[in-house]
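**Q** Below you will find the structure I want to go over with you.
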């Protein structure tokens, strides 16, 4: 189930990129994206399986995207 939720977050990040531009995919923006979607980084970590897993997915997504 977490994989689907993680994919939904990555889709959300992609939508933000399309709306706001390439800066939305900056790793420094990750906490802001998590707060925007989940209202707190802690909530996101709990829902998605931890901060490390989220960051790895976010970076991996970028590598495949570019």
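**Q** Which distance in nm do the two modelled labels at residue 32 and residue 51 give, with both placed 7 Å along the Cα-to-Cβ direction?
**A** Placing both labels 7 Å beyond Cα along the Cβ direction yields 1.8 nm.
**Q** Normalised by the empirical 2.2 N^0.38 Å for globular proteins, what value does the Cα Rg of region 2-65 take?
**A** It is 0.98.
**Q** Ranking 29, 19 by Cβ neighbours within 10 Å, fewest first, what do you get?
**A** Numbers: 29 17, 19 8.
So the ranking, lowest neighbour count to highest, is 19, 29.
**Q** Can you give the relative contact order of region 2-65 as a percent, counting alpha carbon pairs under 8 Å and 6+ residues apart?
**A** Numbers: 39 pairs, mean separation 23.3, N = 64.
Normalised by residue count, the contact order of region 2-65 is 36 percent.
**Q** A further question on this structure: Mean-square fluctuation check for the chain, GNM, Cα pairs under 10 Å: which of 13, 49, 21 is largest?
**A** 21
**Q** A further question on this structure: Taking springs between alpha-carbon atoms closer than 10 angstrom, which of 25, 36, 14 fluctuates most in the Gaussian network model of the chain?
**A** Taking springs between Cα atoms under 10 Å, the residue moving most is 36.
**Q** 222 nm [θ] for the chain, helices only, -39500 (n - 2.57) per DSSP H run of 4+, per residue, to 500? Walk me through the numbers on the way to the answer.
**A** Values: 4 runs with 51 residues, N = 66.
Roughly -24500 deg cm²/dmol at 222 nm, from the helical runs in the chain.
Since every read-out is calculated from the coordinates, none of them should be taken as a lab result. Just so it is clear, the structure is predicted and the values come from calculations on it, not from any experiment. Counting neighbours? That spans all protein chains shown, and the Cβs are built from the backbone with ideal geometry, glycine included.
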